[in-house]
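Worksheet: the structure to be examined is printed underneath.
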Amino acid sequence: MKKLHLLKRLLLVGCLLTAINSFAQNKISIDLAAIRNMRTEMNGLNVSCFYHFTERLTGGIEMNRFFPVRRKIGEEEIQLSAWDFDMNLHYLLPLHKNIALYPLTGISHTSDKEHNTVINESLYEKFWSFNTGVGLLCECGKWSPHVEYSYTWGHINQQFLLAGISYELEWGHHTAKHTVTHH
């Protein structure tokens, strides 16, 4: 019975992927951005890659590296740093010619590190969160500068501000017309 349910689920996923792929834009975007965790006041770097399922729906993976910062707590000095891995969906809503607003949703996995430099001991905390937020982008050909606000709901609620630029890569659909010259 379990095998039958698994087979049904795999068939459903296969059908959905086929349907989505038929509307796909054959386009991905690669992003690079500066990001700030407003709760811990840490700055970082965001690198991401998004697949364009349709003209408006994109989904991708993101990696955030928050660089170490030192905090003095009494006599102790703590060094904080973190890694985030996100899977997010964006839905582009055109506002004007080349400007779009996008709500975002997804999940993230965070790995925080607190290192006590006085006693040379580290404390690690890993947790999952649900992401929500909104972004604004300006399409300038293949380049798209963007800003984004996101809020993560989970073990530790956090807020992030991001500013960066995307570059689109397209394959498959060539629209150039070929003319044949007869002699």
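The values are calculated or read from the model by the stated rules, or taken from the named source; none is laboratory data. On a predicted model such as this, the values are computed, not experimentally measured, just so you know. Here the Cβ positions follow ideal geometry from the backbone for every residue, glycine too, while neighbour counts run over all protein chains shown.
Quick notes
- Checking residue 103 against (1) surrounded by 14 or more Cβ atoms within 10 Å (Cβ to Cβ); (2) in contact (Cβ under 8 Å) with a residue 24 or more places away in the chain; (3) over 30 Å from residue 77 (Cβ atoms); (4) touching a Leu at 6+ places or on another chain (Cβ under 8 Å), the condition it does not meet: (1)
- Within the stretch 101-127, the residues that satisfy the criterion of being of a type in the set (A, V, I, L, M, F, W, C) and under 16 Å from residue 59 (Cα atoms) are 101, 104, 107.
- With respect to (1) under 19 Å from residue 128 (Cα atoms); (2) at pLDDT 95 or above; (3) of a type in the set (Val, Ile, Thr), the lone exception for residue 40 is condition (2).
- Exactly one residue out of 123, 95, 104, 161 is aliphatic (A, V, I, L, M) and over 21 Å from residue 44 (Cβ atoms): that is 95.
- One residue from 43, 98 being under 26 Å from residue 166 (Cβ atoms), exposed (fewer than 15 other Cβ atoms within 10 Å of the Cβ) and in contact with a Lys or Arg (Cβ under 6 Å, 6 or more places away or on another chain): 43
- Breaking point among (1) at pLDDT 95 or above; (2) farther than 19 Å from residue 136 by Cα, for residue 35: (2)
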